[in-house]
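Data block below; observations after.
What follows is calculated from the coordinates using simple rules that are stated; it is not laboratory data. The shown structure was predicted, so the numbers you read here are calculated from the model rather than taken from an experiment. Glycine gets a Cβ as well: all are built from the backbone with ideal geometry, and neighbour counts include every protein chain shown.
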Amino acid sequence: MKLLVIGGNAAGMSCAARARRNDEHAEITVLERGTDVSYASCGLPYFIGGEIATEEPLRVQTPDSLSRILNITVRTGTEAIAIDPHTRHVTARTAEGLQELSYDALMLAPGASPVLPPIPGLDTERTTVLRTIDDATRIRAHAPAGSTAVVIGGGFIGIEAAEALAANGLDVHIVDMAPHILPPLEPEIAAIAEHELRDRGVTLHTRTTAERLESTPTHAAVHLATGETLSANIVLVAVGVRPDTEFVSAAGIQCERGAIVVDAHGRTSQPGIWAAGDAVQSTDMVTGASHPVALAGPANRAGRLIADDICGLPHPRCIPATLGTAIIRVGAQTLARTGAGRTDLAHAGIPFQAIHIEAANHAGYFPGAKTLRILALMGEDGRLLGAQVAGQAGADTRIDVLAAAIRRGAHLDDLIDDDLAYSPPYGQAKDPINLLGMVGENVRTGQLRLWYAEQLDDMAATHLILDVRSRAEYAQIHLQGSLNIPHTEIRTHLNEIRNAAAGRPIAVTCASGKRSYLAHRILVQNGFDSRSLSGGMNLLQDTLPTHPLLIRPQDRS
């Protein structure tokens, strides 16, 4: 068999390596248009920041090592530009000219190219993207400490690069048209990253765009839609990627919105051609929607499964639907997501309810405990549809447990029974995962009724807002017009609460939701119509930081 692979990174190289393990006698050739093959693109920001000191660790394999270890021929600097599915030939462009290569099986893993928005002046020599080792080397060389960098785009790559540049002593500005950075994350989770970046001196410019760039011998002037102008020594554009599939669609291979359409085994619409990776439509496990997923894990796994199908292994496994599980480090914080988000569920017409908790990553009495903020999205039947986690420690392990739970079709209250490792330095007897399940069960059974930060105006107009934090906490920040009675005093102040409510329902709040739940249970068992603020004041401040009903000490001075 003659296997030709287009694309020498995640999906493509995973397919080539597995195919060799399946078939020692296959002729396997990989075409890669870049200078590097099988390199660690996810490590590029950490190379810019200096945590990875040199380029060499990023080169996981080389053409020589792949030839020696796997007997695979890798041709770098070779760009596939045309496919003839009928004659089973690929035309490739090289420095020496065009070449024709034949195949029995063709694996497409062309990846995606950085999107360059139509901003006048973007072609200045001070502007770059971050996609290859050469890009990272150029950024590192042209971004000395004390200079200024403007990052256009607040997605995962933009934020990782911005953090790396800030750590190197640069004055960093992030520009993004979205209401908050890291749009795949919900605002109450992304807010934690925003706090961390600001604490590290990074300036955020959200809800705006770069309208034009002007280049001078010493800097680039980035003019924003707000009227502000930023002076930068380097401008990094990281607004996203698009599937690199023009030559694919020209060959009559079915694409939708620029991404290759494949079946459950990665087969395209043309016989003998498979595809995987950033350029392929993936199916969302929760919503059923189709869209590209630019993540290394799914790409590597899909490439391996496709090799089994190409090689004719009996009963090859299907490529699974994706959860889009992703994680990012921002300073001392870790933020992660899995499954569907609010917008995904709304577009799919799937009803859901949000559940928030804040809990320590390990036993509170053991030194070093850090708070985790967890958001779960629960379907009407109680099924876990999506989750997001943020915190200084333990977010990585919890998101993996939640991703596995969604994969197995778990309901939120199934998490109560998860038998997780416990020792004071590592967790709690009631792990945050178990606690999330308990809160979910309380909501599903009606033991707990919730209200949300987004409902603040309506609640203030129709409910008595009862703040059950301590008086010292209340003095620091509270909601205008709220009544403060600490949760330990609720039982002795029921008449005061009844009089203040004057027939209105009660909207209870505390810092994170735990004390307000305790107060809520007392109230409902004494005849009150009550509900508790999901996530408490901590989350409300992150969701509505400038709301006029938030009263702080400086507001009264």
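Can ASN499 be described as in contact (Cβ under 8 Å) with a residue 12 or more places away in the chain, surrounded by fewer than 20 Cβ atoms within 10 Å (Cβ to Cβ) and polar (S, T, N, Q)?
Working: in contact (Cβ under 8 Å) with a residue 12 or more places away in the chain: no; surrounded by fewer than 20 Cβ atoms within 10 Å (Cβ to Cβ): yes; polar (S, T, N, Q): yes.
Considered against the rule, which asks whether it is in contact (Cβ under 8 Å) with a residue 12 or more places away in the chain, surrounded by fewer than 20 Cβ atoms within 10 Å (Cβ to Cβ) and polar (S, T, N, Q), ASN499 comes out as no.
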Residues of region 357-385 classified as in contact (Cβ under 8 Å) with a residue 60 or more places away in the chain, touching a Phe, Trp or Tyr at 6+ places or on another chain (Cβ under 8 Å) and either assigned to a strand (DSSP E or B) or acidic (Asp, Glu) (or both), total: 2
Members of region 177-208 found to be within 16 Å of ILE152 (Cβ to Cβ), out of contact with any Pro (no Cβ under 7 Å at 6 or more places or on another chain) and free of Cβ contacts under 8 Å to residues at least 60 places away in the same chain, listed by number: MET177, ALA178, ILE181, PRO183, VAL202, THR203, LEU204, HIS205, THR208
Residues that are assigned to a strand (DSSP E or B), more than 29 Å from the chain's Cα centre (by Cα) and among the β-branched types (Val, Ile, Thr), drawn from region 213-241: THR229
Complete set of residues in region 525-557 that are without any contact (Cβ under 8 Å) to a residue 24 or more places away in the chain and either assigned to a helix (DSSP H, G or I) or of a type in the set (Ser, Thr, Tyr) (or both): THR546, GLN554, ASP555, ARG556, SER557
Tally of residues being part of a strand (DSSP E or B) and either among the small types (Gly, Ala, Ser) or out of contact with any Lys or Arg (no Cβ under 7 Å at 6 or more places or on another chain) (or both) across region 387-405: 3
Among residues of region 433-467, those that are under 17 Å from GLY513 (Cβ atoms) and touching a helix residue (DSSP H, G or I) at 6+ places or on another chain (Cβ under 6 Å), counted: 11
Residue count, region 71-84 (criterion: more than 16 Å from GLU246 (Cβ to Cβ) and either touching a His at 6+ places or on another chain (Cβ under 8 Å) or touching a residue at least 60 places away in the same chain (Cβ under 8 Å) (or both)): 2
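Of the residues VAL90, VAL30, which single one is outside any helix (DSSP H, G or I) and in contact with a Gly (Cβ under 7 Å, 6 or more places away or on another chain)? It would help to see each step written out before you state the result.
Working: VAL90 fails: in contact with a Gly (Cβ under 7 Å, 6 or more places away or on another chain).
From the options VAL90, VAL30, the qualifying one is VAL30.
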Top-ranked residue in region 221-247 [being over 30 Å from THR268 (Cβ atoms) and among the small types (Gly, Ala, Ser); ranked as surrounded by the fewest Cβ atoms within 10 Å (Cβ to Cβ)]: GLY227
